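The values are calculated or read from the model by the stated rules, or taken from the named source; none is laboratory data. Quick caveat: nothing in here was measured; it's all calculated off a predicted structure. Every residue, glycine among them, receives a Cβ derived from its backbone with ideal geometry; neighbour counts consider all protein chains shown. Keep in mind that these areas ignore ligands, DNA and RNA; they rest on the heavy atoms of the full protein, side chains included. Shrake-Rupley method; radii C 1.70, N 1.55, O 1.52, S 1.80 Å.
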Amino acid sequence: MAQPLHAETEGLDRQFGELADPDYAGWSRAESEIRMAWSRSGSAPMDLLLKRGEDALDAGDPAAAVEHLTALTDHAPDFPEGWNARATAYAMSGEYGPAVADLRRVLSLEPRHWGALSTLGGLLDEMDDKPRALAAFRASFALNPHQQDVKDAIVRLEKELSGVAL
């Protein structure tokens, strides 16, 4: 029986700890190492599907990205980055329901995926679910406090939810 494919994130606890420290000077190296590990499924063909999906996203073709990334999630259902990339493609297409479902799958596989939490926060904000958007942004920021856009979203949503005029 083939081993399930998943991101190579075992042994990255030190990097996650460094990234979560707002005062750690080497946070960008830790972030880069985590992102690199997230992008490796352990299978060259699956990594190629991820790259093709990401290339389609970069080219502004979310429909093609969904096709590549659906093939990836079908063949590697335990690989969080496939679900994360497909969520991005769905979000680009305005398909928020499938995007949120894919983000939930990412977070069930990799609860420390700050990017998925940030994207989820943005989608929930777009869907006018401000309290849950704020919670997602806060969770993302706790994992990676070096995200200025997430920090700005937290401040904005806290003001909105407290009734303070912006």
Q) From the list Gly11, Gly60, Gly97, which residue is over 30 Å from Pro131 (Cβ atoms), without any contact (Cβ under 8 Å) to a residue 40 or more places away in the chain, out of contact with any helix residue (DSSP H, G or I) (no Cβ under 7 Å at 6 or more places or on another chain) and open to solvent by less than 60 Å² (accessible area, probe 1.4 Å)? A) Gly60
Q: Tell me the helices (runs of 4 or more DSSP H) entirely within the range 112-166 that contain at least 2 residues that are over 22 Å from Pro98 (Cβ atoms) and open to solvent by 70 Å² or more (accessible area, probe 1.4 Å).
A: 130-143, 148-162
Q | Residue check, Asp102 assigned to a helix (DSSP H, G or I) and acidic (Asp, Glu) | A | yes
Q: Quick one: count up the residues across the range 48-88 that are among the small types (Gly, Ala, Ser) and more than 24 Å from Trp114 (Cβ to Cβ).
A: 5
Q: Scan the range 71-81 and give yes if some residue there is without any contact (Cβ under 8 Å) to a residue 60 or more places away in the chain, farther than 16 Å from Lys51 by Cβ and touching a His at 6+ places or on another chain (Cβ under 8 Å), otherwise no.
A: no
Q: Specify which of the listed residues (Ala7, Ala37) is under 14 Å from Gly115 (Cβ atoms), at pLDDT below 95, assigned to a helix (DSSP H, G or I) and of a type in the set (Gly, Ala, Ser).
A: Ala37
